[in-house]
2 protein chains.
Amino acid sequence: MTPGILPGDAATPGIISDPGTIRAAVVAARAAGRSIGFVPTMGALHAGHASLAARAGNECDDVVVSIFVNPTQFGAGEDFDRYPRRLADDCRLLGEHGVRWVFAPEARMIYPPGDATRVVVDGPARRFEGRIRPGHFEGVATVVCRLFNAVPADVAYFGAKDWQQTVVVRRMVEDLGLPIWISVCPTIREPDGLAMSSRNAYLSAAERRQAVGLHESLELAEKLWTAGEPVDSIEGAMRAAIEAREIRVDYAAVVDPDSLAPLATSGGPAVALVAGRLGGTRLIDNRILAARG
Amino acid sequence: MTPGILPGDAATPGIISDPGTIRAAVVAARAAGRSIGFVPTMGALHAGHASLAARAGNECDDVVVSIFVNPTQFGAGEDFDRYPRRLADDCRLLGEHGVRWVFAPEARMIYPPGDATRVVVDGPARRFEGRIRPGHFEGVATVVCRLFNAVPADVAYFGAKDWQQTVVVRRMVEDLGLPIWISVCPTIREPDGLAMSSRNAYLSAAERRQAVGLHESLELAEKLWTAGEPVDSIEGAMRAAIEAREIRVDYAAVVDPDSLAPLATSGGPAVALVAGRLGGTRLIDNRILAARG
């Protein structure tokens, strides 16, 4: 039995907490010619995460899922303390998807004593979520860089639902020359269109019904975009659609999908980004808008 | 012939400019069971660099030396433009030391278009050189992180002469979990004790004679340290010894060798750090002081 690994069985993957141990396991598997897919998560897994694990399993020989509620990407007064944690349930779900290893480190293993290093991304990380949640993407880039060193996989899978996160991670990977491929996978939705999110669990029954407003605004954005409407009128309509559900709008924007800057031409491609608050819960969503005429 | 590699011969190593090419070469060599030593430099090589390459060659199967004058670690008004560049001479020297590959990237290969990512180290990077040269260690940490991704060696060799740099690099490697061992190697000195540095070439004949003042101050520091003198009196004596050679003192300090903070106990171990200016040239040096009584 490899030290530090709780062995898995047919139903549950092995749980590894030590970065050196998961790294050694991944390096050995790759040396044996196996391809490795990696899904970094904060746990509280739902069908969106499951779809990433399934995709990784289809494309790679072995799949690693990390579960780590990363303190540095939460701001003061945010929901770090109440963020849902349910490792046992998560492992059971991952076992059903053939995941080989769950990497669930303690914070001190990712942030060692005396830790003084941060990965800071400028540009696309300064807009939208970066403006509303100062330090958030610094925490994301820092933890993802560390996770990629612990899990030197061939491919890492991220959900498109956190679009700006995928932009920031791809920027960091290119800039630092990290040897990993980033695969951005489709958002998984509830039957009414609400994007799957661990934070949906915070919503009351009434808020849950209102929450569809974000998705409705993106449906509208796509319709208006395809009809050739100008960006500012689309953004106004998105905002109105969100507010019609009594969601407080943080932003509703149509921007360049890579830089997240205003569109250079009205033809796109573009991404429609929305964020809003329902009670104490922040929700985000987005939709890619294909280049138009 | 491997694309992107100018083949070496008995006397000169192959020169590679593309990060992907050197990475593939290193990965292939390691997969074949060879150990790789890496010496990151800014070129203008001298006996200090040669000693690092020789040490790497003694300890590893293959040696990579990078030559890259990193723009981001120079501040405005510093010597980036006049920093000596002599790739052909450098390669000849490295050939004599059995170096297998020289990695000499262009700036756009290390800093791709749209680059927005920096590695920022706090703590020990904020003191001494970090205070006098704002942004310097951010540039160092950023380029070293990128170089380590391009050259995934077993061991990287750094000269002790840039002591604070070795502290910052070791801090970053531990914090980010970079899978490389940092070997800090002894400073190589001229016969009069002046630490070898590419910047010594800037000195006039008169300045060259004065420059020994830094080394003299460290000799004195060691004597006083061993004699049990208190730190503030040692620092005063160091400063006086440097000024006696008409060098303007930037700092002269005895501090903790890992944190570079004031010593917690008078017993050490410690590092004596000095920096001064001679005309337009900045010189630095240091000495490790073993724990006393």
Area projected by the alpha carbon convex hull of chain B, averaged over all directions, nm²: 15.9 nm²
Most mobile listed residue (B:Thr41, B:Thr166, B:Thr117) in chain B, GNM with C-alpha springs under 10 Å: B:Thr117
Gyration tensor verdict on the range A:152-262 (Cα atoms; rounded if a/c is under 1.5, prolate if a/b is larger than b/c, oblate otherwise): oblate
Whether the range B:64-199 is rounded, prolate or oblate, judged on the alpha carbon gyration tensor where a/c under 1.5 counts as rounded: rounded
Copies compared at A:Asp79 - label distances in nm, ascending, label defined 7 Å from Cα in the Cβ direction: 5.6
For A:Pro134, label point 7 Å along C-beta direction: distances to other copies, nm: 1.7
Positive-end residue, chain A charge dipole about Cα centroid, Cβ charges, pick of A:Ala47, A:Ala88, A:Ala153: A:Ala88
Label point distance in nm, A:Glu78-A:Arg199, each placed 7 Å from Cα along Cα→Cβ: 0.8 nm
Shielding score for A:118-125, defined as the mean number of other chain Cβ atoms within 10 Å: 5
Projected label distance in nm at B:Arg277 and B:Glu96, using a 7 Å step from Cα toward the beta-carbon: 3.5 nm
For A:Ala206, label point 7 Å along C-beta direction: distances to other copies, nm: 8.5
Within 10 Å of each Cβ in A:100-113, the average number of Cβ atoms from other chains: 1
Note, ³J(HN,Hα) from phi for the range A:18-27, Karplus 6.51, -1.76, 1.60, rounded to Hz, x at Gly and Pro: 8, x, x, 6, 5, 4, 4, 5, 5, 4
For the protein assembly as shown, alpha-carbon Rg and Dmax in angstrom: 27.2, 85
Net +/- balance of residues flanking A:Pro179 in space, Cβ distance below 12 Å, scoring K and R +1, D and E -1: +1
Estimated FRET transfer efficiency (B:Asn58, B:Glu106; beta-carbon r; R0 30 Å; 0.05): 0.45
Within 10 Å of each Cβ in B:19-29, the average number of Cβ atoms from other chains: 1
Cβ charges +1 (Lys, Arg) and -1 (Asp, Glu), total dipole of chain A, debye: 260 debye
Dipole of the range A:236-293, positive end: most advanced residue of A:Val255, A:Ala291, A:Leu273 [Cβ charges, Cα centre]: A:Leu273
Charge dipole of the range A:166-254 about the Cα centre (unit charges at C-beta), most positive-ward option of A:His215, A:Ser204, A:Met172: A:Ser204
Most mobile of A:Pro112, A:Pro186, A:Pro152 in a GNM of chain A (Cα contacts under 10 Å): A:Pro112
Percentage relative contact order, chain A, counting C-alpha pairs under 8 Å, at least six apart: 16 percent
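What is the dipole size for the protein assembly as shown, taken about its Cα centre, with +1 at each Lys and Arg Cβ and -1 at each Asp and Glu Cβ, in debye to the nearest 20?
Computed charge dipole of the protein assembly as shown: roughly 60 debye.
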15 Å beta-carbon shell around B:Ile288, net charge (K/R +1, D/E -1): 0
Of all DSSP beta bridges in chain B, antiparallel share, percent nearest 5: 50 percent
Contour minus Cα-Cα distance for A:Arg170 and A:Lys223 (0.36 nm per residue): 16.2 nm
Local electrostatic count, B:Val255, Cβ distance below 14 Å [Lys/Arg +1, Asp/Glu -1]: -1
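Read the figures in this text as sums done on the coordinates, not as results from a lab. Quick caveat, the model's predicted, so the values are computed rather than measured. Cβ atoms come from the backbone with ideal geometry, glycine included; neighbour counts cover every protein chain shown.
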